[in-house]
Amino acid sequence: MEGKYDITIWNAKGSPEDPHHFVGPMLDQTAHTASMSKLPEAADMKKRITEVLHTRDEAKITSGYDFILNYLNDNVIVVPLTNAKELILYRTDKVADYTFGGIENGFNSLRVQKATVSQ
């Protein structure tokens, strides 16, 4: 990624409520990688992210994520614009209803209620 953009919309695998899966990929797998690399504190942030991903010390995890998430917010690296919810589109002649299970991006075919065919 060359970083030749003004804004990037990114649907993270995790949300800030799941910081391990939200922050970890920023090191080398997301649009945030290019943005963070341009910051004066880039090396320090990479070190902090790596440390928080590899410790089992609860206090270090809490303080590490607190610092990282606040830093990203304060430096406008991540601006939460939306909060994705479960969504399903279906043909009402085939499906009567669907009951959501509470797992983001999870689809359970057993929760589909088949439409009755009227003649």
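All of the numbers you see were taken from the coordinates with simple rules; none came from a lab. Note that this is a predicted model, so its numbers are computed, not measured.
Pairs of Cα atoms under 8 Å, at least six residues apart: use those to get the relative contact order of region 22-71, whole percent.
30
Quick one: grab Rg to one decimal and Dmax as a whole number for region 19-74, Cα atoms only, in Å.
10.6, 30
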